[in-house]
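Asks: Mind having a look at this structure? Questions to follow.
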């Protein structure tokens, strides 16, 4: 009986690994073909069967892409907007999370509930109000219209509040107050140095969201020179004459920074998510 159960358990384990491997191949397949097509001319991409291995046309595709869009300027704007948005998100969300976690004030729970309620509102409902506000501020075609409006997302406030509540002892904050430390000094000198895992998690999420943002630049950007990279790549597409090799080359370039960031920060991402998940 025990031998039969061991064999059944072993079979389930093998089937589980097969399922995981098939799922991984299914998810990684599009990325692999994107990199392969980035090195192939347009004629080869649509051949039957399609190319399965890397070619030698990558630099020609990049030359075509740079002839269609201001490549380095668009890439630079995406990097600038991503870094600014990430920095402001970490600052504002940590301050708001600190306030919700440490202080007791009137209507605190109601206000926090309203903040969380904004997560239920579909993002596309804010497209027209966002445009009208940015136009009233004369921020159309300005990078600040991309990173300032969303600098304090509800998810970031929630993450910081949970992390501070569970990972930072209130006795530490009370000890700082007894040493005549001001409230902002407590936040900056005591709390912020302990927010490394939470900063790593939220920073990664915020940067990826900013880097992949397409709707925001589509609404407020007008000049091709001010496009972020996803919007610039979309402008390469045409109903009749799309250089798919150049488009795949640009997409591969756009994915590489995210892959590098994720590889070096994945452990901190998991640490930050699990640290704020359980009170101890």
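Asks: Could you please let me know if residue 27 is assigned to a helix (DSSP H, G or I) and within 23 Å of the chain's Cα centre (by Cα)?
Replies: Considered against the rule, which asks whether it is assigned to a helix (DSSP H, G or I) and within 23 Å of the chain's Cα centre (by Cα), residue 27 comes out as yes.
Asks: Quick check, is residue 121 touching a residue at least 40 places away in the same chain (Cβ under 8 Å) and either surrounded by 11 or more Cβ atoms within 10 Å (Cβ to Cβ) or out of contact with any helix residue (DSSP H, G or I) (no Cβ under 8 Å at 6 or more places or on another chain) (or both)?
Replies: Against the criterion (touching a residue at least 40 places away in the same chain (Cβ under 8 Å) and either surrounded by 11 or more Cβ atoms within 10 Å (Cβ to Cβ) or out of contact with any helix residue (DSSP H, G or I) (no Cβ under 8 Å at 6 or more places or on another chain) (or both)), residue 121 does not qualify.
Asks: Moving on to the next point. Looking at the range 220-230 only, could you name the residues that are closer than 20 Å to residue 133 by Cβ and outside any loop (DSSP other than H, G, I, E, B)?
Replies: 220, 226
Asks: Let me ask something else about it. Of all residues in the range 215-239, which are loosely packed, with under 12 Cβ neighbours inside 10 Å, touching a helix residue (DSSP H, G or I) at 6+ places or on another chain (Cβ under 9 Å) and modelled with pLDDT of 90 or more?
Replies: The initial filter retains those residues of the range 215-239 that are loosely packed, with under 12 Cβ neighbours inside 10 Å, namely 222-223, 237-239.
Subset that is touching a helix residue (DSSP H, G or I) at 6+ places or on another chain (Cβ under 9 Å): 237.
Correct list: empty.
Residues checked against (1) more than 30 Å from residue 163 (Cα to Cα); (2) free of Cβ contacts under 8 Å to residues at least 12 places away in the same chain; (3) not assigned by TED's automatic domain parsing to the domain that holds residue 241:
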{"site": "21", "(1), (2), (3)": "yes, yes, yes"}
{"site": "26", "(1), (2), (3)": "yes, yes, yes"}
{"site": "32", "(1), (2), (3)": "yes, yes, yes"}
{"site": "37", "(1), (2), (3)": "yes, no, yes"}
{"site": "51", "(1), (2), (3)": "yes, no, yes"}
{"site": "87", "(1), (2), (3)": "no, yes, no"}
{"site": "116", "(1), (2), (3)": "no, no, no"}
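Asks: If only one of 30, 50 is modelled with pLDDT under 90, closer than 30 Å to residue 241 by Cβ and loosely packed, with under 10 Cβ neighbours inside 10 Å, which one is it?
Replies: 30
Asks: Would the range 240-257 turn up any residue that is modelled with pLDDT under 80 and surrounded by fewer than 17 Cβ atoms within 10 Å (Cβ to Cβ)?
Replies: Yes, some residue in the range 240-257 is modelled with pLDDT under 80 and surrounded by fewer than 17 Cβ atoms within 10 Å (Cβ to Cβ).
The values are calculated or read from the model by the stated rules, or taken from the named source; none is laboratory data. Everything numeric in this text was worked out from a predicted model, so none of it was measured. Ideal geometry is used to build each Cβ from the backbone, glycine not excepted, and the neighbour counts take in all protein chains shown.
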